Every structure is written in C-alpha cells, then in structure tokens.
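Heads up, the thing below is written out as structure tokens.
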Amino acid sequence: MQLATRNLKLLFIHGWATDSRIWKYQLEEFSNDYEVIAIDLPGHGSNDKWSEPTLKSAVEKVLSTINPTSHIPHLTSCFIGIGWSLGGKVLLEIAANNPCFFKGIILIASSPCFVAKDDFTAGQSRGIAKRMLKDLQNDFTGTIKRFYPLNFVQEEFAAENAQWFVDYYDKKCAAFQHDSIINSLEALFSFDIREKLRDIKIPILIIQGNEDTVCPPEASRYLAENFANARLEIIEGSGHIPFLTRHKEFNKIVRGFIETL
C-alpha cells in the first residue's frame, strides 16, 4: 500500500488508570499500513514511576520513546500522536513546547483544562475533583472501579466491548502503582494549556463522544475553536471511549485524517 511507504508512525497514548491494551482495535486496524507504537504511561502497566503531580514523567516517557535524539526535527516529524483523555493532554504539552515533533495530532475526549474555572466552564467541578482525589487516597481500588463505568453511556455499557473494559481493568487496576496513579490524577487537575493552544499549528483532529460526561463535549469544541488548524468530529451516542465502543466509525475517521497529511 502506498500509504505505508510514507513512513508515518502512529504513537498511541492511553488515558488515566488504563494501559496500552485499550487500543486493541486500532492496533489491529493500522498495524498493516503503519508502524504502530502504543505506550504504557509511568505507573500504568510499566515499571517506571510517575514521580510528581505534573505531566513531566509522562512527557519524558513519550519523548524517550519517540527518539533518544528527538531534538532533531526530521527524525520526529513522521510521528502522528494519538492521545485519549490524559494521553491527549500529554500530547498537547509536548506539542506546545516542541512544535516540530509531530506531523499531526489526534485528540480523543481531551481538554485544555480539566477542572472548571471562572473563565472556563467546560470542565469538571473542583469539588468533584477534590472528592475523587480524597476517595482515591482512602480507597484506591474501589474508587478506580467506580470510575470505570462512568466512561460509557447506558446503551454502550450493555455492549460486549464495555463489559470487556470493565472486567479487564477491574482486575488490572490492583497492579497499578498507587503513588503514580494519584500523581497522574493530580497532574490532570492542575493542567491548563489554554494560553498555548494558538502556538500549536500542526494539523489536529479532535474526536469526541456527544454524551461524554468525563470530558464534556464543550471542551473539545473549545479546542477546535482555539487551534490554528483543527477539525472536530462528534460521534453521536458515544461516551468517553468512542475508539472502543464505536471503533469502526472511529478508525474510518482517523484513517481519513491521516490520508490528508
């Protein structure tokens, strides 16, 4: 296939309290045409630690995966970053400070500012965020298990893919590093990159479920309106993980975007 000769590499970055296995339908779909890399973020299925309540540990993991000499632009511009939720924020942090590292970015259910503020209402309430952090510190496994079903709307939750997700991560979460998961959650809560969005000029695709309650659709609309070169795709009837519950539709959208680069 001609697309494969273009040497594009797809770099997948998962969300909070999951791991790279979440991309099973994308790895199957795209690995025949591209080099596909799926990262396990620190403390999420990998042995390295998320050592502080910022994105630093995740950013360093991604950069070291891209290339040990990633300061050389032509070695990194063949990458397309694909990030879900927390993973999307990691991509934004890298792209804002290293604009030559990616040929394009795909953000799924992500936000420029996770917690709502006076000048940004498209986020989670600060009270809910604080309560979740406290619950996580007091009951790590129980809190994460209560979070997983929130990724789906009611119609999705009854489907086989959603049940796979809940069953798999209900078992997997006990193996996650507690301090790393807590630090990554705090990093989410403090993240706010709105002032740097206009500096990111590479092509960006934003994919959002219209019934997502974890990352409100308004956050994705804000991103689309404030990037220099962005396109927003809304998947109707989907919650926070459209690449799992609506993977055929999602993969088609992604492939169409890649073919324009």
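The values are calculated or read from the model by the stated rules, or taken from the named source; none is laboratory data. Owing to the predicted nature of the structure, the values given are computational and were not obtained by experimental measurement. Because the Cβ atoms are built from the backbone with ideal geometry, glycine has one as well, and the counts that use them run over all protein chains shown.
Please determine whether any residue of the range 224-246 is at pLDDT 95 or above, surrounded by fewer than 21 Cβ atoms within 10 Å (Cβ to Cβ) and closer than 30 Å to Gly43 by Cα.
Looking for residues that are at pLDDT 95 or above, surrounded by fewer than 21 Cβ atoms within 10 Å (Cβ to Cβ) and closer than 30 Å to Gly43 by Cα, one finds none in the range 224-246, hence no.
When the residues of the range 89-104 are narrowed to those that are in contact with a strand residue (DSSP E or B) (Cβ under 8 Å, 6 or more places away or on another chain) and either touching a residue at least 60 places away in the same chain (Cβ under 8 Å) or small (Gly, Ala, Ser) (or both), which ends up farthest from Cys78 (Cα to Cα)?
Restricting to residues being in contact with a strand residue (DSSP E or B) (Cβ under 8 Å, 6 or more places away or on another chain) and either touching a residue at least 60 places away in the same chain (Cβ under 8 Å) or small (Gly, Ala, Ser) (or both), the top hit is Lys89.
Looking at the range 105-140 only, could you name the residues that are of a type in the set (A, V, I, L, M), surrounded by 20 or more Cβ atoms within 10 Å (Cβ to Cβ) and touching a strand residue (DSSP E or B) at 6+ places or on another chain (Cβ under 8 Å)? Lay out the reasoning, then the answer.
Our first condition is that a residue be of a type in the set (A, V, I, L, M); within the range 105-140, this holds for 105-109, 115-116, 122, 128-129, 132-133, 136.
Filter again for surrounded by 20 or more Cβ atoms within 10 Å (Cβ to Cβ), leaving 105-109, 136.
Once the filter is applied, which keeps residues that are of a type in the set (A, V, I, L, M), surrounded by 20 or more Cβ atoms within 10 Å (Cβ to Cβ) and touching a strand residue (DSSP E or B) at 6+ places or on another chain (Cβ under 8 Å), the range 105-140 yields Ile105, Ile106, Leu107, Ile108, Ala109.
Do any residues in the range 174-191 that are in contact (Cβ under 8 Å) with a residue 24 or more places away in the chain have Cβ atoms under 6 Å from those of residues that are surrounded by 17 or more Cβ atoms within 10 Å (Cβ to Cβ) and among the charged types (D, E, K, R), where the two are at least six apart or on different chains, and which pairs are they?
Phe191/Lys89
Go through the range 156-168 residue by residue and tally those that are in contact with a helix residue (DSSP H, G or I) (Cβ under 9 Å, 6 or more places away or on another chain) and either in contact (Cβ under 8 Å) with a residue 24 or more places away in the chain or in a loop (DSSP other than H, G, I, E, B) (or both).
Number of matching residues: 6.
How many residues are closer than 22 Å to Phe120 by Cα and part of a loop (DSSP other than H, G, I, E, B) if we restrict to the range 174-200?
At the first step, the residues of the range 174-200 found to be closer than 22 Å to Phe120 by Cα are 184-200.
After this cut, where a residue has to be part of a loop (DSSP other than H, G, I, E, B) as well, the list is 191, 193, 200.
So the count comes out to 3.
So Thr143 passes all but one of these: (1) within 20 Å of Arg194 (Cβ to Cβ); (2) over 16 Å from the mean Cα position of the chain (by Cα). Which condition number does it fail?
(1)
Have a look at Ala122, Ala116 and point out the one that is out of contact with any His (no Cβ under 9 Å at 6 or more places or on another chain) and within 30 Å of Arg255 (Cα to Cα). Spell out how you get there, then give the answer.
Working: Ala116 fails: within 30 Å of Arg255 (Cα to Cα).
Only one candidate qualifies: Ala122.
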